[in-house]
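Engineer: Pasting a structure here, questions to come.
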Amino acid sequence: MKAVVMAGGEGTRLRPLTSNQPKPMVPIVGKPCMEHILELLKRHGFEDVIVTVAFLPQAIRSYFSSGESLGMEIGYSVEESPLGTAGSVRLAAGRLDDTFLVISGDALCDVDLTRLVEFHREKGASVTIGLKSVDNPLEFGIVVTDEEGRVERFLEKPSWGQVFSDTINTGIYVLEPEVLKHVPTDRPFDFSKELFPFLLEMGRPIYGCVLDGYWQDIGNLDQYRQANFDALDEKVALEIAGIRIRGNVWLGDGVDLHDLDALDGPVYIGNYCRVGSGARVGPYSVLSTSVTVRERGRVVRSIVDGSTYIGRSANVEGAIIGRGCDIRAHVRVHEGVAIGDEVGVGAESVIMPGVRIYPFKEVETGSQLFESLIWESRGTTRVFGQQGVSGMVNVDLTPDVAIRLAAALGTALDRGARVVASREGPPACRMIKRAMISGLSSTGVNVADLRVTPAAVGRHLLKSEGYEAGFHVGVSPADPEVLRIQFFEPQGIEMSAAMQKEVEKHFTRGELRRVAADEVGRITYPARVRETYAAELLSSLDAGAIRARRFRLVVDYGFSGASYVLPLVLGPLDVEVVSAHAFPGEGGEPGDRVPGLAASIGQAKRLVPALGADLAAVFDRSAERLYLIDEQAREVPVEQALLLFVRLIGSNGRAGKAAFPVTVTSQVDRLAEGSRLEIIRTPASLAELTKAAAGEGVVFAAAVGGGYVFPEFLPAYDAIASLAKLLELLATVDRPISELVSELPQTTLVHHQLPCPWALKGLVMRVLNERLSGRALDLTDGIKLYEDRGWSQVLPDPDEPLIHLYAEGETREMSEELAAELRELVEEIEQGEAATART
């Protein structure tokens, strides 16, 4: 039986280790990762191997040659252009005339391949996928199978809300040769994303076999480091070269060691290494062939590739160092540093944590290197949160970080693209926005600077003028020391997850486009954008009805830029307004504290009866969320305010769709009964909600928290438009808002948060999905269970080690009962796994 080893990976996330060698060639305890895979194949009887190569193929071919040294027969299939995983194997189809195995050359494992082949034959499968349970399945393709192992569905790199299993695709397959006939030859084609779903749709027998043993994708530097540590701990069965002493110390041939006590296991010392007098090689260190550690040098928890020199009294701790490097005397290399091949580091230099140095660089004597020798300081696993990018001013979010972030966005866009920029008033917002504009300009992207204005005005310009992207710098509602940068796509919707990942990729790799002097992007200051926004909003309203009602309002602007825009809307509508907390320029004197939302609501409550107002509207700092106070000075809870909008829109006879996240109360469905509104549900994220709002036929969208969307004007949260639309809806009702709210049903929805370690999230969702199988479920986001008493939902938090529990029954007591039942089930799964781990 033949095996195909896929070895075309470039390994961009492993740079600088893979800057000048293919990913399968990175060393694990002295051998290339792919050599360990070939040895595994040999142990299971696979001696006829085809290796698919693409990136730097000669590096692999010259090392393994025909496979004679391994007792195998190795042939090569070279991709001239990227063909995808299935396409690369299809290229070798002429040599695959019987059942064959496919395995990655860059994922370390010791799984039972013989058992996988037997399982394939027992099931009579066309495809059998090797599966593995992992703690965090987000970065992998999830495979959901039935009790017999037959595949039911695939999910490629899901969000936590889509995690219904923790068994992931290892990239190890047993295939019948006829399945390759379905792989096109004219374009790249992938096994897991395209071929397997296609075969599943055809009804072909596809099975998944959960593999015991060790499996670790060597996708990034942390995983690479961990794979070496696991090899030293013997968590993976490898053929480690050399003799073994003291249980966990491996020594190669010709090692020159001054004192055996200088080694603290687990340690691997390769052939011909030299460890000088007074030097120490501490636990979890790997020294490949011909590494020198001079007198009093120290290496701990580090992987050092062949022929590297570490000078006298140098200290290398928690680092990865490539081949042929020259680390001079008294150098300190800190935790998380990654250094490529043939780098010279001058004496007494200090390489700070997280720094990456690409191959063939020189660090001058006495340098203190805080940033990588590319345009980044360290790799970041995740830049975007649920609502953009946020960080403490001049701590997490500094001007240089903002420049790199904007340059990453500019690199993801075409040269000459147009981006709209806006901000809130504080000087810190101005600082970060200007840094962002500089970063974008450096990539050849043009920026329209709206200065201080609500985010909605920038979104509107994005929609009306065809800009390619936009951003808004504002203050976090939770902490005035934290800034938040929101990013928008065409039509004014939130930036999609796909675009976020593209920006993150450029940011973390530091591979940013820098244009020539004559191509630097232009900065413009569009005129009358606020007036244009107001005019278009007015044109979408029944202005006559609003004027006839003669509203009197209290408006608390919350120091938002809405104070520049709302008068342009309410003035032509003959609305009498008394305002508070209007925009104070740059935010007052240094050190002044801007009153929070609670203070604004409190002041509005006092003003309403004093002025005899019909209602009060309170804006948040970004002018995105709207909070209401009725004419009796009572705050309208945000849940009731949402239902008020649904009732008014439905009773107005408006036809169309109304979009809400799956976590919003079912009362919206009941209120829509008998109206011309169709309720649709979205995943519980602002990006998904605004994406749905931009769809055809959607007339309203909202989530609990004061955010409302009227897509015909703008598919985004906009407090100004929301207030204007509310006045239009109230104008024809001619009843006080308190009466309308009193007639609304009371929601019984409850929400709880349950701590859940990251490592257990995938397991909880998989086991929960299995236990609830066959019951009425909604898997739009998380797991939502329907029953006669109501519904309950489990939703993993994407940013925190938490699981959200929602429940809604006929009464609040019933809701709490439903939530408690689900909580008990989740805790039982967590505790069961913890007990298993202890034993």
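The values are calculated or read from the model by the stated rules, or taken from the named source; none is laboratory data. These numbers come from a predicted model, not from an experiment. Glycine gets a Cβ as well: all are built from the backbone with ideal geometry, and neighbour counts include every protein chain shown. Heavy atoms of the whole protein, side chains included, go into the accessibility calculation; ligands, DNA and RNA do not. Shrake-Rupley method; radii C 1.70, N 1.55, O 1.52, S 1.80 Å.
Engineer: Carbon and sulfur: what percent of the chain's accessible surface (1.4 Å probe)?
Structural biologist: Whole-percent figure for carbon plus sulfur exposure: 47.
Engineer: Round to the nearest 0.05 the FRET efficiency obtained for Phe198 and Leu611 when R0 = 60 Å and r is the Cβ-Cβ distance. Walk me through the intermediate numbers first.
Structural biologist: Working: r = 66 Å, r/R0 = 1.10.
The computed FRET efficiency comes out at 0.35.
Engineer: Subtract the Cα-Cα distance of Glu68 and Glu800 from 0.36 nm times their separation in residues, and report this length gain in nm to one decimal. If you can, show how the numbers build up before the last one.
Structural biologist: Values: separation 732, 0.36 × 732 = 263.52 nm, distance 5.11 nm.
In short, 258.4 nm is gained.
Engineer: Another one. Give me a comma-separated list of calculated 3J(HN,Hα) values for region 95-101, in order, Karplus coefficients 6.51, -1.76, 1.60 applied at θ = phi - 60°, integers in Hz, x for any Gly or Pro.
Structural biologist: After applying 6.51 cos²θ - 1.76 cosθ + 1.60, I find 9, 10, 10, 8, 3, 9, 10 Hz.
Engineer: While we're here: When the dipole is taken about the Cα centre of the chain, and only Lys, Arg (+1) and Asp, Glu (-1) are charged at their Cβ, what size is it in debye, to the nearest 20? Intermediate results must be reported in sequence, preceding the final value.
Structural biologist: Numbers: 86 positive and 116 negative charges, 383 e Å.
The dipole magnitude comes to about 1840 debye.
Engineer: With everything on Cα atoms, drop me the angle between helix 529-539 and the longest principal axis of the chain, reported from 0 to 90° to the nearest 10.
Structural biologist: Tilt relative to the chain: about 60 degrees.
Engineer: With a 10 Å radius around each residue's Cβ, average the other Cβ atoms per peptide and rank 142-153, 19-30, highest first. Mind dumping the intermediate values first?
Structural biologist: Working: 142-153: 16.2, 19-30: 24.2.
The most tightly packed comes first, giving 19-30, 142-153.
Engineer: I want the local charge near Tyr717. Using Cβ-Cβ distances under 10 Å, sum +1 for each Lys or Arg and -1 for each Asp or Glu among the other residues.
Structural biologist: Every neighbour counted, the sum reads -2.
Engineer: Can you bin region 506-626 into rounded, prolate or oblate? Criterion: square roots of the alpha carbon gyration tensor eigenvalues sorted a ≥ b ≥ c, rounded for a/c under 1.5, prolate for a/b above b/c, oblate for the rest.
Structural biologist: On the way: a/c = 2.97, a/b = 1.63, b/c = 1.82.
Cα axes put region 506-626 in the oblate bin.
Engineer: Here's something else I'd like to know. Excluding Phe488 itself, what net charge comes from residues whose Cβ is under 11 Å from its Cβ, given Lys and Arg +1 and Asp and Glu -1? Working shown, then result.
Structural biologist: Details: positive: Arg459, Lys463; negative: Glu468, Glu489, Glu494.
Net charge around Phe488: -1.
Engineer: Contact order normalised by length for region 554-693, with contacts defined as Cα pairs under 8 Å and 6 or more residues apart; what percent is it? Show your work: numbers first, answer last.
Structural biologist: On the way: 204 pairs, mean separation 27.1, N = 140.
Here the relative contact order equals 19 percent.
Engineer: Can you give me the pair-distance distribution of region 325-366, C-alpha pairs, 10 Å bins, whole percents?
Structural biologist: It works out to 36, 62, 2, in whole percents.
Engineer: What full-extension length gain, to one decimal in nm, is calculated for Glu536 and His258 as 0.36 nm per residue of separation minus the Cα-Cα distance?
Structural biologist: Net length gain for the segment: 91.9 nm.
Engineer: Calculate log10 I(q)/I(0) of region 315-431 for q = 0.12, 0.13 Å⁻¹, where I(q) comes from the Debye formula with a single equal point scatterer on each Cα and nothing for solvent.
Structural biologist: Debye curve over Cα of region 315-431, log10 I(q)/I(0) at q = 0.12, 0.13 Å⁻¹: -0.58, -0.65.
Engineer: Let me ask you something else. In whole Å, what is the distance between the alpha-carbon centres of region 313-330 and region 756-774?
Structural biologist: Answer, in whole Å: 43.
Engineer: Taking amide H positions as placed 1.01 Å from N in the peptide plane, with prolines and chain starts having none, which residues 5 or more places from Asp556, or on another chain, fall under 5 Å of its amide H?
Structural biologist: Those qualifying (amide H under 5 Å, at least 5 residues apart or on another chain) are Ala580, Ala617, Val618, Phe619.
Engineer: Give me the distance between the Cα centres of region 89-107 and region 232-295, rounded to whole Å.
Structural biologist: Here the answer is 37 Å between Cα centres.
Engineer: Tell me, what is the percent relative contact order of region 504-582, built from C-alpha pairs under 8 Å that lie six or more residues apart? Provide the component values of the computation, followed by the final result.
Structural biologist: Working: 58 pairs, mean separation 25.2, N = 79.
Relative contact order for region 504-582 comes out at 32 percent.
Engineer: For the chain, with the dipole built from +1 on Lys and Arg beta-carbon atoms and -1 on Asp and Glu ones, taken about the Cα centre, which of Gly474, Ile803, Ala701 lies farthest toward the positive end?
Structural biologist: Gly474
Engineer: If you count, for each residue, the other Cβ atoms within 10 Å and average over each peptide, how do 102-114, 607-619 line up from highest to lowest? Mind showing how you got there, number by number?
Structural biologist: Numbers: 102-114: 23.0, 607-619: 20.1.
With the highest mean Cβ count within 10 Å placed first, the list reads 102-114, 607-619.
Engineer: Another question, then. Once phi is turned into θ = phi - 60°, what whole-Hz ³J(HN,Hα) does the Karplus curve with 6.51, -1.76 and 1.60 give for every residue of region 274-284, x standing for Gly and Pro?
Structural biologist: Once θ is set to phi - 60°, the couplings for region 274-284 become 9, 10, x, 5, x, 7, 9, 10, x, x, 6 Hz.
Engineer: Mind ranking 460-473, 214-227 by how tightly packed they are, going by the mean number of other C-beta atoms within 10 angstrom, highest first? Kindly include the intermediate steps, with their values, before the conclusion.
Structural biologist: Numbers: 460-473: 21.9, 214-227: 20.2.
Ranking, from highest mean packing down: 460-473, 214-227.
Engineer: Which number comes out as Rg/Rh for the chain once both Rg and the Kirkwood Rh are worked out on C-alpha atoms?
Structural biologist: Values: Rg = 30.8 Å, Rh = 30.2 Å.
In the chain, Rg relative to Rh is 1.02.
Engineer: Relative contact order, percent, of region 467-610 when contacts are C-alpha pairs under 8 Å separated by at least 6 residues?
Structural biologist: On the way: 122 pairs, mean separation 23.0, N = 144.
It comes to 16 percent, rounded to a whole number.
Engineer: Let me ask something additional. Grab the DSSP H runs of the chain that are 4 residues or longer, score each as -39,500 (n - 2.57), total them, divide by all residues and round the 222 nm result to the nearest 500 deg cm²/dmol.
Structural biologist: Values: 21 runs with 236 residues, N = 839.
Estimated from H runs of four or more residues: -8500 deg cm²/dmol.
Engineer: Toward the positive end of the charge dipole of the chain, about the Cα centre and with charges on Cβ (Lys, Arg +1; Asp, Glu -1), which of Thr398, Gly762, Gln386 goes farthest?
Structural biologist: Thr398
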